[in-house]
Amino acid sequence: MLHYLIRRLMIAIPSLLGISVILFTVLALAPGDPFEELATNPAVPPDVRAHLRASLGLDDPIHLRYISWLTAMLRGEWGFSFVSRIPVEQLILQRLPTTVAVIGASQILALAIALPVGVYAATRPYSIFDQIANTLAFVGFSLPTFFTGLLLILLFSIQLDWLPFVFRTSIEATGWRWWWEMVRQSIMPVAVLGLFQGAAWTRFVRSAVLDVVRLDHVTTARSKGLPESRVTMRHVVRNAMIPVVTLVALQMPAVFGGAIVTEQIFRVPGIGSLLISAILANDTPVIMAVTFVFAGLVIFFNLLADVLYGWLDPRISYR
Amino acid sequence: MSASTTDPLLSIRDLRVHFATDDGMVRAVDGVSIDVGRGETVCVVGESGCGKTVTAMTVLKLIAMPPGRIAGGQILWQGRDLVPLKSDAMRSIRAKEIAIVFQEPMTSLNPVYTVGEQIAEVVRQQEKLGRRAAMDRAIEMLRLVHIPNAQRRAHDYPHQFSGGMRQRVMIAMALSCNPKLLIADEPTTALDVTIQAQILDLLAEMKERLGMAVMLITHAMGVVAEVAQRVVVMYAGKVVEEAPVRELFANPRHPYTQGLIRSIPRIDLAATHHHRLEAIPGTVPSLLNPPVGCRFAARCRYVTDACRAAEPPLREVAPGHKMACIL
Ligand SMILES: Nc1ncnc2c1ncn2[C@@H]1O[C@H](COP(=O)(O)OP(=O)(O)O)[C@@H](O)[C@H]1O
Ligand code: SF4
Ligand SMILES: [Mg+2]
């Protein structure tokens, strides 16, 4: 197992390198220059500007710039933001907890909906419950988050004025009031992300369970005289969890990607909005670092999916 | 009814099982009566699609309802009708009184639990034993069905066993609560020929040791000759002939039974001659719209107009020997 994990991580290294090369090249070729502002600023003499550019290595050939970026990265120096001059890792660490909290809460909500509804619907296929659940899941899955997000803002913030629609990191209150404010401003982003993902997973849980209910070993379980609830939990749901857990883990990076949109709508100061503002400002070090964090997430969750799959299915062995 | 069973253990009477499908009503079992006496071995034989599995599953009410439905008849278990029984009461009969072994050992066990766990599960459910005691019983059962290193193998998963070994596990599981009746639905069909004989031997040995009645379902007449005391021949959802095994082989009356017996592979002939099996031409008719009259008419070499006019009833032609043919 440990062997397998190490080998998988070794395989991940070339992919990370590949990602970084492509990204670096694309960003270098992209129009726009972080020094644009300095160039038009008459207070900065041209020779100072040239000196600055040279000291930052901005005019070096692209492969030299890539290598110096890579060696710095390997030494754990992620560089400074061109815009705020703050170390990139500090910026990311500032933003990451908010994103993780919002995504974590929304995914828990999604699973709390998808698991019971999907299982209940699949054990009564084509019942009224199943049809209603299916329809709602289809609607939820079809509505894009930017649409539902704006809809919720219109309804709960503007019409009813119940919930704030701008997410604030600095809340003056302390103690339980602070928590209350946090919960209030998190409700809508968490609901939008959670309901969307919940709808998608409900459909998946339902079909995974439907695939298992018709298998022979379920009839065997019934022939043993087990109560129906036990047959469902131990011999249907347990087996259906193999593809479900794997898919959930595999989709996590996509969930982070999708959260960027939601973060923009609700102005959640998370890692997604950091990426967007960095892109708009040509802030290369930040873009590189954030994208790298995303690439790392993809690799981590792929590995996690593999490990969980093997843990849930004894037929899989890691060699 | 055979002479030995005055009060049968299981008495299936005029059972009718229908399936609602998109094309219409499939009459999978259409008025079947089978008795199984205490400690008796009854073979139910017939080609694929004759309703054997549905009959067996219906005894334990394991068919999916819907689309399935018991449209009529009784299933008397020690005199009590199981058809109207609630699911709770039905559960206490499963495995504890009537156990079943299925055709496909490769898919009948849950791949995510060890075989020991799966046997222990039924013991815990039906005998209310604790975890340890149940596992001990599971290991004991695995030993009983001759699984080598039972103590260690109990902690292996199904995929670590061969088909024959898995069928042994299934038999161990089915017998773990000492049922009075074991229904074995083509337990050897999915296995290699050499393994088939071993499983049949095992069933015979278990029967000798534990004394339960056996209802063995098969499509192979050769198997019937080896193990049965009494034989029920099914064709297209109906019983067409029933007799003690010697009587049936000595004096098969129904043309379908005669065809089945002729199709038994004969090792003595196969070795010397170029002996072709005499398979019955044609196939089992659809149970969606079964033909009126004798259902075997389309394949019968003795067919007459009378056969197609009305369904020949099951009648007693000798003591304990019944058949449904006008001849
Ligand atoms: N769930 C079901 N839905 C519809 N038809 C079924 C179902 N199960 C069995 N049947 C039909 O019942 C008939 C008898 O099947 P089966 O009992 O499996 O035959 P056997 O075991 O003798 O080969 C077949 O024609 C089959 O198509
Ligand atoms: S009733 Fe007629 S068709 Fe049917 S088996 Fe007898 S002879 Fe053949
Ligand atoms: Mg069958």
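Each value in this text was obtained by applying a stated rule to the coordinates, not by laboratory testing. Values in this document were obtained by computation on a predicted structure and should not be read as measured data. So basically every Cβ, Gly included, is an ideal-geometry build from the backbone, and we count neighbours across all protein chains shown.
Counting other Cβ atoms within 10 Å as a rough exposure proxy, the listed residues B:VAL122, A:VAL218, A:VAL166 run A:VAL166, A:VAL218, B:VAL122 from fewest neighbours to most. For chain B, the longest principal axis of the Cα atoms and the long axis of helix B:193-210 meet at an angle of about 70 degrees. Residues B:ARG253, B:ARG13, B:ARG152 in ascending order of nearby Cβ atoms (within 10 Å, fewest first): B:ARG152, B:ARG13, B:ARG253. Peptide packing for B:42-51, A:123-132, B:87-96 was compared via the average number of neighbouring C-beta atoms within 10 Å per residue; ordered from the highest value, the list is B:42-51, B:87-96, A:123-132.
A Förster radius of 30 Å, combined with the Cβ-Cβ distance separating B:ARG246 from B:ASP14, puts the computed FRET efficiency at roughly 0.65. Here the Gaussian network model covers chain A, with springs between Cα atoms less than 10 Å apart; of A:ARG238, A:ARG267, A:ARG177, A:ARG177 fluctuates the most. For A:LEU29 and A:LEU151, the FRET efficiency from 1/(1 + (r/R0)^6), where r spans their Cβ atoms and R0 equals 30 Å, is about 0.15. When both bridge partners sit in the protein assembly as shown, DSSP labels roughly 65% of those beta bridges antiparallel. Taken along the Cα-to-beta-carbon direction at a fixed 7 Å, the label points for A:HIS3 and A:ASP216 span 3.3 nm.
Report, in degrees rounded to the nearest 10, the 0 to 90 angle that the Cα long axis of helix A:62-74 makes with the longest principal axis of chain A. The angle comes out at about 60 degrees.
Per-residue Cβ neighbour counts within 10 Å put A:HIS51, A:HIS235 in the sequence A:HIS51, A:HIS235, beginning with the fewest.
Our note on the geometry: Cα centres of region B:1-73 and region A:230-259, 40 Å apart.
In this label model, A:LEU96 and A:LEU16 are separated by 1.3 nm, measuring between points 7 Å along each Cα→Cβ vector.
How far is helix B:131-144 tilted, in degrees, relative to the longest principal axis of the Cα atoms in chain B, given as a value from 0 to 90 rounded to the nearest 10? Roughly 50 degrees, rounded to the nearest 10. Compared with the direct C-alpha span, the chain from B:LEU288 to B:ASP22 gains 94.7 nm at full extension, assuming 0.36 nm per residue.
The lysines whose alpha-carbon is closer than 20 Å to the alpha-carbon of B:LYS238, local same-chain residues fewer than 8 away aside, are B:LYS52, B:LYS61, B:LYS322.
The calculated FRET efficiency for B:ASP88 paired with A:VAL44, based on their beta-carbon distance and R0 = 56 Å, is about 0.05. Shape class of chain A from the Cα gyration tensor (axes a ≥ b ≥ c, square roots of the eigenvalues): oblate, since a/c reaches 1.5 or more and a/b does not exceed b/c. Once the Cα-Cα distance is subtracted from the 0.36 nm per residue extended length, the B:ARG69 to B:GLU140 segment shows a gain of 21.7 nm. Computed extension length for A:GLN131-A:LEU304: 58.9 nm, one decimal, from 0.36 nm per residue of separation with the Cα-Cα distance subtracted.
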